[in-house]
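Visitor: This structure is in structure tokens; I'll ask about it shortly.
Each reported figure results from applying straightforward, stated rules to the coordinates on display, with no laboratory input. Since this is a predicted model, take the numbers as computed values, not measurements. Positions of Cβ are backbone-derived with ideal geometry, glycine not excepted, and every protein chain shown enters the neighbour counts.
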Protein chains: 2
Amino acid sequence: MYRTHTNGELRLSDAGKTVTLCGWVQKNRRMGGMTFIDLRDRYGITQLVFNQEINAALCEQANALGREFVIQVKGEVTERSSKNNNILTGEIEIIVSELTILNSSETPPFTIEDNTDGGDDIRMKYRYLDLRRVAVRKNLELRHKMAFEVRRFLDEMGFLEVETPVLIGSTPEGARDFVVPSRMNAGEFYALPQSPQTLKQLLMVSGFDRYFQIVKCFRDEDLRADRQPEFTQIDCEMSFVEQEDILNIFEGMAKHLFKYIKNIDFIGDFPRMTWADAMKYYGSDKPDTRFEMKFVELKEAVSGRNFVVFDSAEYVGGICAEGCAAYTRKQIDELTEFVKRPQIGAKGLVYIKIEADGTPKSSVDKFYSAEDLQKIAALFNAKAGDLILILAGEKAKTQKALCELRLEMGSKLGLRKKDEFSPLWVVDFPLFEFDEETQRLYAMHHPFTSPKPEDIHLLDTAPATVRANAYDMVINGVELGGGSIRIHDSGLQNKMFELMGFTSEKAQAQFGFLMNAFKYGAPPHGGLAFGLDRLVSLFAGLDSIRDCIAFPKNNSGRDVMLDAPSPIDEEQLKELNIALTL
Amino acid sequence: MYRTHTNGELRLSDAGKTVTLCGWVQKNRRMGGMTFIDLRDRYGITQLVFNQEINAALCEQANALGREFVIQVKGEVTERSSKNNNILTGEIEIIVSELTILNSSETPPFTIEDNTDGGDDIRMKYRYLDLRRVAVRKNLELRHKMAFEVRRFLDEMGFLEVETPVLIGSTPEGARDFVVPSRMNAGEFYALPQSPQTLKQLLMVSGFDRYFQIVKCFRDEDLRADRQPEFTQIDCEMSFVEQEDILNIFEGMAKHLFKYIKNIDFIGDFPRMTWADAMKYYGSDKPDTRFEMKFVELKEAVSGRNFVVFDSAEYVGGICAEGCAAYTRKQIDELTEFVKRPQIGAKGLVYIKIEADGTPKSSVDKFYSAEDLQKIAALFNAKAGDLILILAGEKAKTQKALCELRLEMGSKLGLRKKDEFSPLWVVDFPLFEFDEETQRLYAMHHPFTSPKPEDIHLLDTAPATVRANAYDMVINGVELGGGSIRIHDSGLQNKMFELMGFTSEKAQAQFGFLMNAFKYGAPPHGGLAFGLDRLVSLFAGLDSIRDCIAFPKNNSGRDVMLDAPSPIDEEQLKELNIALTL
């Protein structure tokens, strides 16, 4: 062993001990005839002291140490005269008697500090140096701890972690598969799993009863802000359960994590909200419920006043921003610009300010009387000093825009605190989505999602209104996980395929092995999957999942550190029976 | 919840309770006016009883249940008149009052019994039914338990599990990479990791200090008997350590697993054997030390008696099979056939029997006197009743053949018991292998393996004799894990590349990102990796790693259940900028 202690463990009670430490030179500074070095490792920082008068040669050696040199020192633990209460080892320092340079270092391209001078690109290229920064390392330590606690919790609940294969067949799940040419099976390809969905259902057919896996999944998508081509899921499935059982178990898991990791107790059950209410009040299936500011539908209240924007709109709705009546013209204009941005797409923004004396003042005063506006304000329970913001237009699009506006106002008002957590189950998702373009129904989750028994009679007459036994766990507006009760009855399954316009041949070709398996006694089952990256990001208060991934890829799917992907040999292409067609 | 209890938990103390159970119909038999059903789930089997006289309709319904139907029953727990001591629920049965068929089942293609009538191929095709067999499920339960205990142990030792990416760049590690065409980076490919070797070394550069990961690895090799294209490693790395530290930690892990899983205590340290001794005494770098039967080198003892086979041989060696002197001509012939098989390749087999009266009798009596033979026998400490078996020829090949013969005799003599475990560290591996064909040195482990400091002076003069700080853990002749101390000094690393005939350009191209990282303060580090599949197989007493993998692939790398790999659409090929060249 190169060391007797780490740099995080020595305390005043160790004073007098002779110790050997190893680590990286974080800081090297001279004061008078003394040289002080902050020695860093994963566990902390310990101050080393060299005295010119006592050992000039050693002190010279220490002076020559650059940042990030790897050294080993032997010395005596001594009480510090000026203590540092910011670090746990701040009461002691090491009077060094021996120094060995284990490795030198070139000057790193950015400072190894939480507040680094390195930009995103350079930090990604030198990710191994970026990972030395405490803030980044802490995220990965948290990730380890959370994954371990998930395993411990699920193990205690009788779940078995079963590894499913990474080289599988292509399964249609909405996104593109990554594929792997098979050298031994010329012209054929493996696919990397978008999720182990079908495999976990097979494990239920096998009687595994309670399965989980923390597992890499892969989607070859054009990468948006916070997506990675490979990501990690906590994938779970249970047999002989109903939706209620699954919600109970995994709400328990979430509570366990909050308690164990953040010492937060949630009293009572997580609130539940139907998908319909989530859309109605928040315009989103993953509402951020850290704050209220619910949508109020205004179509009825605003119609018939000859304001054509409202009269012609399918939907008129608004939110009430508490205490914002004093917003300036400029501030209102900024909000208007915000909602008119192409990615949000509203045509304009109507406001009603409730002045200090209670009188309303709006951007549509010429269409609405003070009394009209008072009535509208009453629908929001708006009080003096509040600001009502209203959007109108095509329903789905307007709700989405209003959702963005609500989140923006929540942020502006400081209502989206990173250390407050508002969990929620969104339930009763629609079973189908109707696609206007192809004029057919698609499964909202996947084709094995079970309809709610009480809605099954609507499958023939009004399929678009059928609700599914599907659920998402949403915290602070982030969809952390979701799942469903699956169909285990082959009659119902065939009905589903029929409604989605699958011929039985096509259903067989795409889902044959699963449908065959279901012929041999499939139990009632259901499950869900959590995104581990999102879960850790939420707990760490991160803005991007990248910050809790050791070696993430950029928006082009590149690992700039490894310089991957990269071209391969002609020889290898030949062995794989493929050629490039650039 | 569909049930109040599982099929493994009811006891006599539950008698009188009304319970609801779910599961699969394992057996259905009629006796007199009674119908008995064995109901199975993951947790056990519970006997259900239906009485024709009490409820004829219900009994008829029960009689109609086929094997593997999924049912739900409600009934009363009652003491059995004829108890079954083989199962934990054997003292009770359920007098059923309600029966619901949750799902029917076609007759499975093989019996769901440990002693199934299904052959390998059909069981793989219907793996989801094969997994219902208790013997197979137990292996996966063991795998879960072992993986969890490994994590618990390493977490307690301060290791962090860090996920490394699956989509990486190609790294030359001996075997072929599986590659993944990148749609977003036309003409470029990701590679799937053969191991996270370089990434874990980067984590050491990052200061992670103690890393592990239970991780899928991939090798596109022509599959031999017990290889899978994807397999799972327990991958570990530590900083500021020497070989001794690593052996201590992971010997501790192995002991923990033996204690926790199999209740086996190992007293004292695992024995250690140099690679040179392993080759000399067992002809293998992974000797099965459950039994002795060490090689005795005979070249000197047998030379000069005009027996040209021995005189012309580079190597003559033998083993002594205790108590086998009574082997018949036929048995000896079988052994001769065994060693002459092409995959073993010996030319013939010489024997010396030590008769009951102590006189030797051999197949080479015309060359060797009784006194000569006595002298040879003395080298083996052979006693009356023993059989000495001797092979001769080119050294490496003959040692390998003698190793096979020793294992064969060990098996014949019942010396390789599956419930006995003989652990061993093999140490001091050679740093290089010399390849006759290309006339150059190759790294025996990988190019980052550190030479033993005391052998570094030999690098220039006799590189083939330099020993590495490399080690394998071997149990019962299976290499469970191995690793090395890595080079962290760039001067030494360049020397290594030079010795292996790498130009600095080639070294840079292949290992550039790692060598660059090493410029910024790489700590001394080392590690190892265990094969989880092999570890579980050893603990479960399995002959093949396939039996502890949920969905294994066959020898052609196919998953016959999923029918993967498979052709993909022309459209998808086009998107990936590749074409088939069949």
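Visitor: Specify whether the C-alpha gyration tensor of chain B places it in the rounded, prolate or oblate class, a ≥ b ≥ c being the square roots of the eigenvalues: rounded for a/c under 1.5, otherwise prolate if a/b is larger than b/c and oblate if not. All intermediate terms of the calculation are to be shown ahead of the outcome.
Guide: Details: a/c = 2.16, a/b = 1.35, b/c = 1.60.
Verdict is oblate for chain B.
Visitor: Which percent of Cα pairs goes in each bin when the distances of region A:1-155 are cut into 5 angstrom slices starting at zero?
Guide: 2, 9, 17, 19, 18, 15, 10, 6, 3, 1, 1, 0, 0
Visitor: If the limit is 25 Å between Cα atoms, which of A:K412/A:K553; B:K145/B:K553; B:K200/B:K495 go over it?
Guide: As for pairs spanning more than 25 Å Cα to Cα, those are A:K412/A:K553.
Visitor: Compute the label-point distances linking B:D563 to its equivalents in the other copies; points lie 7 Å from Cα along Cα→Cβ; give nm, one decimal, shortest first.
Guide: Distances to the matching label points in the other copies: 4.3 nm.
Visitor: Still on this structure, please answer the following. Consider a paramagnetic label point 7 Å from the Cα of B:K412 along Cα→Cβ; state which residues of region B:310-328 have an amide N under 16 Å from it.
Guide: Once the point is set 7 Å along Cα→Cβ of B:K412, B:318-328 turn out to lie under 16 Å by backbone N, inside region B:310-328.
Visitor: Here is a further query. Defining the label point at 7 Å along Cα→Cβ, can you sort the distances from B:A396 to the same site in each other copy, shortest first, in nm?
Guide: 6.8
Visitor: Charges at C-beta only: +1 for Lys and Arg, -1 for Asp and Glu. How large is the resulting dipole of the protein assembly as shown about its Cα centre, in Debye rounded to 20?
Guide: For the protein assembly as shown, the charge dipole is close to 840 debye.
Visitor: Okay, moving on. Other chains' Cβ within 10 Å of B:573-582 residues: what's the mean? Could you put the intermediate results ahead of the total?
Guide: Details: counts 4, 1, 2, 9, 4, 10, 5, 9, 8, 4.
The shielding value for this peptide is 6.
Visitor: For region A:100-110, in order, what is each residue's ³J(HN,Hα) by Karplus, 6.51 cos²θ - 1.76 cosθ + 1.60 with θ = phi - 60°, in whole Hz (x at glycine and Pro)?
Guide: My calculation for region A:100-110 gives 10, 7, 7, 6, 8, 9, 5, 5, x, x, 8 Hz in order.
Visitor: Any idea what the dipole of region B:12-103 comes to, in debye rounded to 20, about its Cα centre with Lys/Arg Cβ at +1 and Asp/Glu Cβ at -1?
Guide: Roughly 260 debye for region B:12-103.
Visitor: Can you flag which of A:K299/A:K366; A:K294/A:K397; A:K280/A:K397; B:K83/B:K138; B:K255/B:K418; A:K340/A:K375 are past 22 Å Cα-Cα?
Guide: Correct reply: B:K83/B:K138; A:K340/A:K375.
Visitor: Using only DSSP helix segments of four residues or longer, with each worth -39500 (n - 2.57), what per-residue ellipticity at 222 nm results for chain A after dividing by its residue count and rounding to 500? Before the final figure, lay out the partial values.
Guide: Details: 16 runs with 165 residues, N = 582.
Estimated from H runs of four or more residues: -8500 deg cm²/dmol.
Visitor: Quick check: pseudo-label points 7 Å beyond the Cα along Cα→Cβ at B:Y260 and A:D277, how many nm apart are they?
Guide: Here the answer is 4.4 nm between the modelled labels.
Visitor: Assign unit charges at the C-beta atoms only (+1 for Lys and Arg, -1 for Asp and Glu), then state the dipole size of chain B relative to its Cα centre in Debye, rounded to the nearest 20. Before the final figure, lay out each step's value.
Guide: Numbers: 71 positive and 87 negative charges, 223 e Å.
Dipole size: approximately 1080 debye.
Visitor: Work out the mean other chain Cβ neighbour count within 10 Å for the residues of A:521-528 and drop it here as an integer.
Guide: Taking the mean over all residues of the peptide, I get 5.
Visitor: Report the one residue of B:T336, B:I354, B:A325 whose Cα lies farthest in the direction of the positive end of the charge dipole of region B:318-425 (charges on C-beta: Lys and Arg +1, Asp and Glu -1; origin at the Cα centre).
Guide: B:T336
Visitor: Per residue of A:196-209, count partner chain C-beta atoms within 10 Å of its C-beta, then hand back the mean as an integer.
Guide: Average neighbour count from other chains, rounded to a whole number: 5.
Visitor: Using the Kirkwood radius over C-alpha pairs as Rh, can you work out the diffusion coefficient of region A:12-103 via Stokes-Einstein at 20 °C, viscosity 1.002 mPa s, in µm² per second?
Guide: Here the translational diffusion coefficient equals 165 µm²/s.
Visitor: Given Cα pairs under 8 Å that are at least 6 residues apart, what percent is the relative contact order of chain A?
Guide: Result for chain A is 13 percent.
Visitor: What order do you get for B:103-114, B:204-215, B:432-443 when each peptide is scored by the mean count of other beta carbon atoms within 10 Å, highest first?
Guide: By packing density, highest mean first, the sequence is B:204-215, B:103-114, B:432-443.
Visitor: Note down the nm distance, to one decimal, between modelled labels 7 Å out along Cα→Cβ at B:T581 and at A:N555.
Guide: In this crude label model, B:T581 to A:N555 measures out at 3.5 nm.
Visitor: I've got another one for you. Which value in Å is the Kirkwood Rh of region B:291-416 over different Cα pairs?
Guide: One decimal place: 14.3 Å for the Kirkwood radius.
Visitor: How many angstrom lie between the C-alpha centres of region A:535-568 and region A:460-534?
Guide: So the separation of the two Cα centres works out to 31 Å.
Visitor: While we're looking at this one, here's another question. Mean separation of Cα pairs under 8 Å and 6+ residues apart, divided by the residue count of region B:12-103: what relative contact order is that in percent?
Guide: 33 percent
Visitor: Here's something else I'd like to know. Give the cross-link partners of B:K383 among the aspartates and glutamates, using a straight C-alpha distance below 16 Å as the criterion and excluding same-chain residues fewer than 8 apart.
Guide: Reachable aspartates and glutamates: B:E292, B:E322, B:E355, B:D357, B:E371, B:D372.
Visitor: When a/c reaches 1.5 or more, the comparison of a/b and b/c decides; with that in mind, is region A:424-582 rounded, prolate or oblate per its Cα gyration tensor?
Guide: Taking the square roots of the gyration eigenvalues as a ≥ b ≥ c, region A:424-582 is oblate.
Visitor: Relative to the present Cα-Cα distance, how much length would full extension add between A:T100 and A:E113 at 0.36 nm per residue of separation?
Guide: Working: separation 13, 0.36 × 13 = 4.68 nm, distance 2.44 nm.
Length difference between fully extended and current span is 2.2 nm.
Visitor: Charges on Cβ only, +1 for Lys and Arg, -1 for Asp and Glu, centred on the Cα centroid of region B:364-484; of B:Y368, B:A382, B:C403, which one is farthest towards the dipole's positive end?
Guide: After comparing all options, I get B:A382.
Visitor: Provide the FRET efficiency to the nearest 0.05 for the B:K74-B:E300 pair, computing r from the beta carbons and using R0 = 56 Å.
Guide: It comes to 0.10.
Visitor: Compute the label-point distances linking B:S312 to its equivalents in the other copies; points lie 7 Å from Cα along Cα→Cβ; give nm, one decimal, shortest first.
Guide: Reported distances to equivalent positions: 10.5 nm.
Visitor: Now a separate question. Say the dipole of chain A comes from +1 at the beta carbon of Lys and Arg and -1 at that of Asp and Glu; which of A:I475, A:P447, A:A579 then lies farthest toward its positive end?
Guide: With unit charges placed on the Cβ atoms, the residue in question is A:I475.
Visitor: Checking the a/c ratio against 1.5 first, then a/b against b/c, what shape does the Cα gyration tensor give for the protein assembly as shown?
Guide: oblate
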